[in-house]
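Below you'll find the structure, written out as structure tokens, and then a few comments.
No lab work stands behind these numbers, since they all come straight from the coordinates. Because the structure is a prediction, the values reported are computed rather than measured. Ideal geometry is used to build each Cβ from the backbone, glycine not excepted, and the neighbour counts take in all protein chains shown.
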Amino acid sequence: MSQPLINWFKFASPASFYPLAGKLWPWFAALATAFAAAGLWISFFVAPTDFQQGEGYRIIFIHVPASWMSMFIYCVMAFWSAIGIGFNTRLSGMMSSALAPTGALFAFLSLWTGALWGKPMWGAWWVWDARLTSELILLFLYLGYIALTAAIDDPRRADKAGAIVSLVGVINVPIIYFSVKWWNTLHQGASVSMTKAPTMAATMLWGMLLMALAFWMYSIAVALYRVRAIILERERHATWVAELPEMQR
Amino acid sequence: MNAFVAILRRDLLLAMRRKSEMLTALFFFMIVVSLFPLGIGPETALLRRIAPGVLWVAALLAAMLSLNRLFAADHQDGTLEQMALSPTPLALLVSGKVLAHWLTAGLPLVLLAPVLGLQFDLSSRALGILMLSLLLGTPLLSLIGAIGAALTLGVRGGGVLLSLLVLPLYIPALIFGAGAVEADMAGLGAGGHLSLLGALLALGLFFAPWATTAALRIALE
Amino acid sequence: MLQAHGLACVRGDRRLFSGVDLSVAPGQWLQVEGANGAGKTSLLRILAGLSPAAEGRIEWEGQPVAEGRDDFHARLLYLGHAPAIKDDLSALENLQTSAAVSGRPLDEATALTALRRIGLKGREDLPSRVLSQGQKRRVALARLLCGQARLWILDEPFVALDVGAVDMLCGILDEHIGRGGMLIFTSHQAVQLQGNGARLELTK
């Protein structure tokens, strides 16, 4: 490693990242709560009732940010995987595996809220809409990652295998999305689209943005918290872990 | 290149001496396809509509059946170590194995598909497009499947895990493959679908051997 | 010349060994010793380049192995625990295929000579399925007779061999060292090789 990079790589070591993550996560959790409170207030009390969809449309304040986050988190996982393969840093794999459950949770949330929204709007719990279908496949990719890393006993090997899965997945996500869209246009039956909502009021956009920020902060807080647990579990035999104040009790 | 040919030859030879495994996958393909009319009913118009999808899904499943043993035997008997220590790049040897897999597990499906298509009353033109789409698509299945097979090598519950990993990645091939036949039957022309399938194949040929090699090295550590 | 400095191996939570230095020059052999689970196989796999070392570096002819992997592997012959024998292929086919995969294709006559010398006369064309454990081992060892590898890394080469075969293998190893080859091996048996040798005891 060349010298100038040393400051960055200092935090790539689990021993120095552990206390940092411990200091940071409460702040992100607080931010998440604040953004969520503001976002929910706007989405429930400020945003006007939609003249076509009534009150039911308000679920998109959860649905849309959750879909964004589920895709974004997958990209972040792929980013960490690439770093892990490129620089052989231990922390990257831990970050990926800390993010995966949150990403899967958001993908599931997006599908769930999509179904809840779809029932009154389309009269069906599930419609083979291109976005919903891609989201479902994204959930499968998350589950594949989680299942594979859970099935491999050696954590280092699990990290590396997971890194390959997420990189292969991230190349495939745009291809899958494109192919599903293509498939959708060929089969005209289900051409209802979630984005065909009438022009969005500015307050609605704000609500959505605030909720997206809240989810974002939540993801960071949870990932940091989870990565702390992973570090402790993997490094339980290291001396620095034994010297931690929380281990002295 | 010699090593590539040697691996290809060896795997074909092994497949020839273990014909039953190859035939099992083929019978599986035939049975799955034949079950659909029994489950749905013999109405010709309906069968014709679902035929491309049914044949393609059955081909996906049949190609997956044989993925488990793509690297497992080599891993167990130490051949994989010798391959990793060859002065020939491992990615090239892996390509040889994938080609052998396609020749023994993919190509037979392509050849058998038109016969099964007759059960669904497909026109000869549609049968031709079906074969063409499978010809372009099944190598892709072997290439992507090899990544999954390498990743699940020596992993608990590898077989089920393999399908969980690989099937979502097969979706584009399924959509364009089955779509080609449907588009042609709807009079839209299959050209677009087939070119996209070809593009995916080119992409797979380029990337999949590297990803597979990386996964194999992890399994060997 | 193979040199290694400060090698360490970590398996899961356990550190198998660390600070292992070794060097093998032409005409030298090195026997790696240690209790079960001391990491003998792991060390050989690290030296062969199959798995990465947790710490330390390996040099071949003064160059780090990582920089000239293919060159190094062209000069290396590694035989692991598993004999790399396919049950459905005959001894001859096994030998020819493995030689071709290692980049040294073998004509049939040379392969047959090697198989006969290793004591498999009359069994060249039988499927390896019907061979005994020791005979399979011999098929794998026949590779020693038909390559030009300078460095041999052999993991428990004497396992499953009868007394006669052990003597024969010792002869083959002596010959290799006499030609200026290098040899690293593990064995639970006390074997006496000629030439310039050393032992390395793996401890925690």
Using only the alpha-carbon atoms of the stretch B:3-88, report the extent along each of the three principal axes, biggest first, to the nearest angstrom. 58, 23, 20
What does the charge add up to near A:K160, with Lys and Arg as +1, Asp and Glu as -1, over the other residues with Cβ less than 10 Å from its Cβ? 0
Surrounding charge for C:L115, neighbours by C-beta under 14 angstrom, Lys/Arg +1, Asp/Glu -1, total +3
Charges on Cβ only, +1 for Lys and Arg, -1 for Asp and Glu, centred on the Cα centroid of the protein assembly as shown; of A:L109, C:S132, B:L196, which one is farthest towards the dipole's positive end? A:L109
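Just tell me how shielded C:85-96 is by partners: mean number of partner chain Cβ atoms within 10 Å of each residue's Cβ, no decimals.
3
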Which whole number in µm²/s is D for the stretch C:87-148 by Stokes-Einstein, with the Kirkwood Rh taken over Cα pairs at 4 °C and 1.567 mPa s? 116 µm²/s
Once you list every other residue whose beta carbon is under 12 Å from the beta carbon of B:T24, what net charge do they have if Lys and Arg are +1 and Asp and Glu are -1? +2
From the square roots a ≥ b ≥ c of the eigenvalues of the alpha-carbon gyration tensor of the protein assembly as shown, which class results: rounded (a/c under 1.5), prolate (a/b over b/c), or oblate? oblate
From the Cα centre of the stretch B:125-172 to that of the stretch C:155-170, the distance in Å is 44 Å
Relative contact order of chain B, defined on C-alpha pairs under 8 angstrom at six or more residues apart (%): 26 percent
Output for the stretch C:25-74: GluC sites (Glu not before Pro) sitting in coil per DSSP, at most 16 other Cβ within 10 Å, listed by number, reads C:E61
Yeah, chain B with a ≥ b ≥ c from its alpha-carbon gyration tensor (a/c under 1.5 is rounded, else prolate when a/b outruns b/c, oblate otherwise) is prolate
Shielding score for B:80-93, defined as the mean number of other chain Cβ atoms within 10 Å: 6
Karplus (6.51, -1.76, 1.60) ³J(HN,Hα), θ = phi - 60°, over the stretch B:14-25, in Hz, Gly and Pro reported as x: 4, 5, 5, 7, 10, 4, 4, 5, 5, 5, 4, 4
Can you tell me the 0 to 90 degree angle between the C-alpha axis of helix B:90-101 and the longest principal axis of chain B, rounded to 10? 40 degrees
